[in-house]
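Okay, structure first, notes after.
Please treat every number below as a calculation from the coordinates, not as lab data. All values derive from a computational prediction rather than experimental measurement. All Cβ positions, even for glycine, are placed from backbone atoms using ideal geometry, and neighbour counts span all protein chains on display.
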Amino acid sequence: MIGVFDSGLGGLTALKELHRLTPGEELIYFGDTGRVPYGTKSAGIITKFALQDAAFLISQGVDAILVACGTVSTTALPVLRDRFAVPIIGVVEPAARAAAAATENGRIGIIGTTATIRSGAFERAVRSVSPDAELISQDCPLFVPLVESGFVGRDCSIARLACEHYLARLRQSGIDTLILGCTHYPLLAPIIAELLPGVRLINTGEAAADALVALLGRFQ
Ligand code: DGL
């Protein structure tokens, strides 16, 4: 059984891909909707929540964990790996590899929660596979509350305003690839794609699910 967790519903983007790749596998999902958002909190609080989330999944008998949360992956992954013996995969390295493979002009954007961008983890991971990449990062603190409140979809004017606000700099930057560094962000992808035409969007949850299945050799 594979356990998947996130601060809320964003990690379902990873769960969907995991289910597509391993339809017979038993999956358990924990979304911490009582305490979302994580990305505006301190590293200490995020780590405490992440340890509790993972402990809950372990208590259910999982034999691997997918951390379907950019914020936890960038902030608390080493602590989780130290504490629990099962394989634990986060979203950072898989997304960084996917972005490095996708870019043609070497200009990669990274959007994520404030904690994620503060950590610099995506930047380090991309540079480790693509040292010459030019990186432009932006935190988007309103995106998670918007998605959790159902403000999604191409016709949602509030979501569109927030996207226009946060993506303004990236739209001028010449990036050809954008890492959606938070698993909630694919729900805003229709608007993001319209504002950044021709830019490849990297879905971190999907990339991490692919990496976990490859690691466990459980393709079905
Ligand atoms: N889906 C989480 C992430 O990938 C959202 C974090 C939050 O709750 O702010 O970062």
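Tabulated results
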| quantity | calculated |
| --- | --- |
| F122, F30, F5, F84 arranged by Cβ crowding within 10 Å, fewest neighbours leading | F84, F30, F5, F122 |
| In order through segment 178-189: 3J(HN,Hα) via Karplus (6.51 cos²θ - 1.76 cosθ + 1.60), integer Hz, x for Gly, Pro | 10, 7, 7, x, 9, 6, 6, 5, x, 6, 9, 4 |
| For segment 1-61, the fraction of alpha-carbon pairs in successive 5 Å shells from zero, as % | 4, 18, 27, 23, 17, 8, 3, 0 |
| V144, V91, V152 arranged by Cβ crowding within 10 Å, fewest neighbours leading | V152, V144, V91 |
| Shape metrics for segment 107-220, restricted to C-alpha atoms - Rg then Dmax, Å | 14.5, 43 |
| Kirkwood estimate for segment 20-151, i.e. one over the average of 1/r between Cα atoms, Å | 15.9 Å |
| Cβ-derived FRET efficiency at R0 41 Å, Q172 paired with V86, nearest 0.05 | 0.40 |
| Interchain or long-range residues, amide H under 5 Å from S137's placed H | I110 |
| Taking Y166, Y38 and counting other C-beta atoms within 10 Å, the order from fewest to most | Y166, Y38 |
| Amide H within-cut-off set for R200, under 5 Å, with H built and near neighbours excluded | T177, L178 |
| Over the chain: helical MRE at 222 nm, DSSP H runs n ≥ 4 each giving -39500 (n - 2.57), nearest 500 | -14000 deg cm²/dmol |
| In nm, spacing of pseudo-spin labels at A214 and E104 (7 Å Cα→C-beta vector) | 2.3 nm |
| Degrees separating the helix 204-216 axis from the principal Cα axis of the chain, which is the longest one | 40 degrees |
| Relative contact order computed over the chain (Cα-Cα under 8 Å; 6+ residues apart), in percent | 26 percent |
| Separation in nanometres of the label points that stand 7 Å from Cα toward Cβ, at S42 and S157 | 4.1 nm |
| Angle between the chain longest axis and helix 92-102 axis [Cα atoms, degrees, rounded to 10] | 40 degrees |
| For segment 1-15 versus segment 146-220, the gap between their alpha-carbon centres in whole angstrom | 16 Å |
| Compactness relative to 2.2 N^0.38 Å, alpha carbon Rg of segment 67-139 | 1.12 |
| Distance cut-off 30 Å, percentage of C-alpha pairs in the chain lying past it | 17 percent |
